[in-house]
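The values are calculated or read from the model by the stated rules, or taken from the named source; none is laboratory data. Nothing here was measured: the structure is a model prediction, and the numbers come from that model. Don't worry about glycine lacking a Cβ; one is built from the backbone with ideal geometry, like all the others, and counts go over all protein chains shown. For accessibility, only protein heavy atoms count, side chains too; no ligands or nucleic acids. Shrake-Rupley method; radii C 1.70, N 1.55, O 1.52, S 1.80 Å.
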Amino acid sequence: AAVDGGGGGGNAGGAAARSSAPYVPHEQCAELQADATRAPFIFQAPGRYVQRAGLLKHAAQFIAHLCTAAGVAGVVASKRARVAHGAELDASFGAAGMRVAWLEFAGECTRAEVARAA
């Protein structure tokens, strides 16, 4: 089952308007940042959330449009999640002629972790 999870769309049909312009939150929230004591909380996510038992074996079907032109999907996962689900994701993308580039998530979403991952 697919549910429109937002992601910045906002129109009644649930389809978000796509733009080729980069998403630059500090520019889009400049008026909120005039108060330097608080930065705005910004969350960006895909406009669709899909959940059902067994869907990982079909992951490539749902995320292929987000992969690079070379067919590489970047996946950020903890060591535990990769052990539990990595083979299934690798197989899904492999069957679709793509591959997964894994990045281990260290457990906290901090500026240091983002810099490390970049």
remark   = When restricted to A60, A73, the only residue of a type outside the set (S, T, Y), in contact with a strand residue (DSSP E or B) (Cβ under 6 Å, 6 or more places away or on another chain), within 22 Å of V50 (Cβ to Cβ) and not in a loop (DSSP other than H, G, I, E, B) is A73
request  = Check segment 96-116 and report whether any residue there is at pLDDT below 60, assigned to a loop (DSSP other than H, G, I, E, B), exposed (fewer than 13 other Cβ atoms within 10 Å of the Cβ) and of a type outside the set (G, A, S).
outcome  = no
Residues that are open to solvent by 90 Å² or more (accessible area, probe 1.4 Å) and aliphatic (A, V, I, L, M), drawn from segment 54-81 = L66, A69, V76
ask   = What about G86, is it part of a helix (DSSP H, G or I) and surrounded by 15 or more Cβ atoms within 10 Å (Cβ to Cβ)?
value = yes
request  = Mind listing whichever residues of segment 67-110 are among the hydroxyl-bearing types (S, T, Y) and free of Cβ contacts under 8 Å to residues at least 24 places away in the same chain?
outcome  = T68, T110
